[in-house]
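Below is one structure; the comments refer to it alone.
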């Protein structure tokens, strides 16, 4: 076995890469794909055919349902829930009801957030704790609330951006206290 599995974890997938750690009482369903060097916390549920990239950290008690794809370097806080059906009924179910969700590289999702299916969370976006995400989040976007609304932008390091160093008709360039610059396209402000 090229990954670590706690004795209480149930792992049905054969597609888990080297260096990944799966902790207490986690359940990984068949055909789930998990990349290298991931950390899957206690009590996490990963459904059939979920795709998770490299270096993803999933904290305790997260539920990730079929139709979700998570790219590399994503952080998912404790008790986050992803949905996959906009109109759930116990008596009406088929695979056609699954609506895909995409979490892009470097994004962070705060504890106890709910991600409604069909959204894309952009690169390096930050979702505040307890948020209900009902629509797409732009790259570097800072959103929080119920429903989550855009409250600004964050750096690669996660700090909120405020110092504008350049602005034109198409973009705003911020400089972070960490020294990096981040380009925000004005179309993302809508």
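Every read-out reported here was derived from the displayed coordinates using simple, explicitly stated rules and does not represent laboratory data. Small disclaimer: the values here were computed from a predicted structure and weren't measured. Neighbour counts are summed over all protein chains in view; Cβ atoms, including those assigned to glycine, are modelled from backbone coordinates with ideal geometry.
I need to check one value: relative contact order of the chain, counting alpha carbon pairs closer than 8 Å and at least 6 residues apart, in percent.
Relative contact order of the chain: 10 percent.
Go through 26-33, 166-173, 103-110 and give me the packing order, highest mean Cβ count within 10 Å leading.
In decreasing order of mean packing, 26-33, 166-173, 103-110 become 103-110, 26-33, 166-173.
If R₀ is 22 angstrom, what is the calculated FRET efficiency for the pair residue 24 and residue 57, using the beta carbon separation as r and rounding to 0.05?
The pair residue 24/residue 57 has a calculated efficiency of 0.90.
Report the gain in length on full extension from residue 180 to residue 90: 0.36 nm times residue separation, minus Cα-Cα distance, nm rounded to one decimal.
Full-extension gain reported as 27.5 nm.
State the extension gain, in nm to one decimal, for the chain segment bounded by residue 134 and residue 105, taking 0.36 nm per residue of separation less the distance between their alpha-carbons.
8.5 nm
Would you order 83, 20 from fewest to most other beta-carbon atoms within 10 Å of each residue's own beta-carbon?
83, 20
For each of 91, 140, 75, count neighbouring Cβ atoms within 10 Å of the residue's Cβ, then give the residues from fewest to most.
So the ranking, lowest neighbour count to highest, is 91, 75, 140.
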